[in-house]
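The values are calculated or read from the model by the stated rules, or taken from the named source; none is laboratory data. From a predicted model like this one, the values you see are computed outputs, not experimental measurements. FYI the Cβ positions are ideal-geometry reconstructions off the backbone, even for glycines, and counts take in every protein chain you see. Note: accessible area is taken over every heavy atom of the protein model, side chains too, but ligands, DNA and RNA are not part of it. Shrake-Rupley method; radii C 1.70, N 1.55, O 1.52, S 1.80 Å.
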Amino acid sequence: MTAPACTVFFLPGLGLDAAAALPLIAELDARFRVIGIDLPGQGGSEDAADGSVDAQVDVAVAVIEREADGGPWLLCAHSMGGKIAARIAQRVRDGEIAAFGLMGLVLLAPSPPRPEPMPDEKRAEMLSWVAGGPISEEHARAFVQDNVGAPLPEVWERDVIDTVRTMSPLAWRRWLEQGSDEDLAASIGVLDLPCVVLGGDEDELLGASAQPALLADVYPRARFVSLPGAGHLLPYERPGAVAAAMSDLWEGIEARRAPVPAEWGRLIASPRTTPRVRSTLARRALADSPDYAPRVLSATQLGLLRSIADRLVPQPDGGRIDIAARVDAELAAGGGDGWRPTGALSDDEAYREGLDDLAAAWDDDPDAALEAVLAGEGVPGAAADGEALRRWFQDVRVDLAREWLIHPASLARVGYDGFATGAEDVAFAGYRTLAAGVRDDWEPSDLGRPAGPDQTGSDA
């Protein structure tokens with residue numbers, strides 16, 4: 001039996017519970033390990049300490065931290081769960097939770113980080129359903145029928161009605177009065193990771209036509225998918241389409257990410273790694289976008305830089321790091337070594353001029369062109385002289401190698417775990433063993449055998 005390649009944490013919508021993941025599980029193949037999470041007040045779970053979104057997030061994060069195995073994982077969230085998923089993704093991005101490996105999101109008619117659009121009369125009607133206690137059979141059935149594009153199969157409809165009736169009235173009321181109306185947009189900001197958003201074209205408020213306006217600025221890499229004839233209860237209405245979208249997303253991620261060994265992922269998630277470092281490594285581990293648009297270079301210049309990168313930092317097929325695009329992004333962010341010779345061009349200008357100069361000689365003989373630049377001989381017809389091109393190319397080599405080396409997969413490949421020695425809230429954050437072929441007990445097992453008593457030195 002093949003071990004799952006990816007864990008999926010499923011966050012259900014209002015009135016549902018973790019069992020809403022079952023139709024999706026039935027459609028997915030063995031690559032996915034799906035874990036449904038009961039949010040406060042769902043599936044017989046206790047109510048949260050308060051009605052805030054963060055109180056719900058805390059419950060979900062506890063499950064994720066317990067179940068995450070260091071390998072890659074996705075968030076799949078429906079309706080109310082979408083707002084919670086956005087907060088979780090922000091906490092992962094910022095290194096605030098003890099889990100590493102979030103690679104993307106699958107959102108099903110999600111509630112946005114900003115206040116959820118809902119007419120006052122609709123909110124009042126749904127609040128009236130819990131005025132006297134748990135939701136009645138009549139109101140649960142109305143909830144289901146109001147939120148589907150076509151009747152559910154009988155077995156699913158019965159299950160959903162029963163689930164709605166068991167939801168905590170307090171949790172139901174808190175979401176409608178507080179959680180759905182919270183504005184988290186400013187604190188969440190931009191979540192720049194792979195994402196697919198599915199919406200039914202029969203869902204008026206959170207459906208296909210509404211989602212781009214609600215989420216395009218939050219998820220710049222989102223792909224929006226419209227499901228004709230579907231309403232709001234997508235986990236039950238279209239589990240096959242959800243599974244297909246998840247598979248497509250995952251295959252796209254797999255094609256463009258450098259895998260980080262699970263043991264190294266668990267070390268990054270551990271208290272030994274500071275939140276700031278964990279945040280940095282989480283961002284670097286994300287799959288590169290196939291649609292990356294250069295911000296400093298032209299498309300032609302970026303293409304040439306990718307060709308240069310392939311020669312200078314060869315990578316295996318599959319899971320390649322787009323280090324040229326990352327250099328472009330770093331240039332756009334104002335990165336660099338902070339100095340340049342008097343009179344030299346800025347980094348941005350030097351890259352553009354150097355690549356244009358090199359392009360003229362590249363097609364004839366790339367290796368000869370690189371050798372000429374390295375020797376300071378320049379290339380025919382170049383705007384820059386040979387010495388200027390040589391100095392620029394020194395930076396190119398450093399920048400490309402750096403972007404490869406700082407990726408957590410590369411750190412694992414070269415066996416560097418020094419990123420996990422800076423924590424202040426562990427008893428001892430340094431190394432006790434400094435010898436070839438042996439390691440401290442906290443280090444990944446591929447770094448050697450555990451140190452024996454005679455090899456463990458004083459705190460270092």
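Things worth noting here:
- Rounded FRET efficiency, nearest 0.05, which uses the C-beta distance separating Asp50 from Glu251 and R0 of 41 Å: 0.55
- Dipole in debye (nearest 20) - the chain, about Cα centre, beta carbon charges: Lys, Arg +1; Asp, Glu -1: 700
- Karplus-derived 3J(HN,Hα) values for the stretch 373-387, using 6.51 cos²θ - 1.76 cosθ + 1.60 with θ = phi - 60°, are 5, 4, 7, x, 8, x, 10, x, x, 6, 6, 8, 6, x, 5 Hz; glycine and proline are entered as x.
- When the charge dipole of the stretch 293-412 is built from unit charges on Cβ atoms (+1 for Lys and Arg, -1 for Asp and Glu) and taken about the Cα centre, the candidate among Ala344, Ala333, Pro408 whose Cα reaches farthest toward its positive end is Pro408.
- Scanning residues 5 or more positions from Leu184 or on other chains, those with amide H under 5 Å from its amide H are Arg114, with H placed 1.01 Å from N in the peptide plane.
- Cα→Cβ-extended label distance, 7 Å offset, between Ala150 and Ser307, nm: 5.2
- Spin-label model distance (nm) - Glu204 vs Glu377, 7 Å beyond Cα toward Cβ: 7.5
- Degrees separating the helix 137-146 axis from the principal Cα axis of the chain, which is the longest one: 40
- Helix-only CD estimate at 222 nm, as mean residue ellipticity for the chain, using -39500 (n - 2.57) per DSSP H run (n ≥ 4): -13000 deg cm²/dmol
- Using a Förster distance of 51 Å, the FRET efficiency for Ala131-Val190 (Cβ separation, nearest 0.05): 0.80
- C-alpha center-to-center spacing [the stretch 368-386, the stretch 204-273] in angstrom: 46
- Taking amide H as placed 1.01 Å from N in the peptide plane, Arg439 has its amide H under 5 Å from the amide H of Arg449, Ala451, each at least 5 places away in sequence or on another chain.
- Distant alpha-carbon pairs in the stretch 1-146 (separation over 26 angstrom), percent: 27
- The chain, accessible surface, carbon-and-sulfur percent (1.4 angstrom probe): 50
- Over 30 Å [Cα-Cα, the stretch 6-255], rounded percent: 17
- The stretch between Arg165 and Val438, if pulled fully straight at 0.36 nm per residue, gains 92.5 nm over its current Cα-Cα span.
- In this structure the chain gives 44 Å² per residue of accessible area when probed at 1.4 Å with all protein chains present.
- Computed about its Cα centre, the charge dipole of the stretch 293-412 is approximately 440 debye, with only Lys, Arg, Asp and Glu carrying charge at their Cβ.
- For the stretch 293-412, pairs of C-alpha atoms spaced more than 17 angstrom apart make up 54 percent of the total.
- Label-point gap, in nm, between Ala26 and Arg276 - each point 7 angstrom along Cα→Cβ: 5.1
- When all alpha carbon pairs of the stretch 369-460 are counted in 10 Å bins from zero, the resulting P(r) reads 15, 28, 19, 15, 15, 7, 1 %.
- Cα gyration tensor shape of the stretch 129-254, rounded if a/c is under 1.5, else prolate or oblate by comparing a/b with b/c: oblate
- Computing semi-axes √(5λ) of the Cα gyration tensor in Å for the structure here picks out one of (i) 40, 32, 16; (ii) 47, 28, 19; (iii) 38, 28, 20, namely (ii).
- Solvent-accessible surface (1.4 Å probe) assigned to Asp310 amounts to roughly 80 Å².
- Residues whose placed amide H lies under 5 Å from that of His78, excluding near-sequence neighbours: Leu11, Gly13, Leu108
- Cα long-axis angle, helix 80-93 against the chain (0 to 90 degrees, to the nearest 10): 30
- Building the convex hull from the alpha-carbon atoms of the stretch 294-361 and averaging its projection over directions returns 5.3 nm².
- For the chain, the longest principal axis of the alpha carbon atoms and the long axis of helix 275-285 meet at an angle near 80°.
- Ranking Pro380, Ala282, Gly133 by how far each Cα lies toward the positive end of the dipole of the chain (charges on Cβ) leaves Ala282 at the top.
- For the stretch 184-287, diffusion coefficient by Stokes-Einstein and Kirkwood Rh (Cα), 10 °C, 1.306 mPa s, µm²/s: 100
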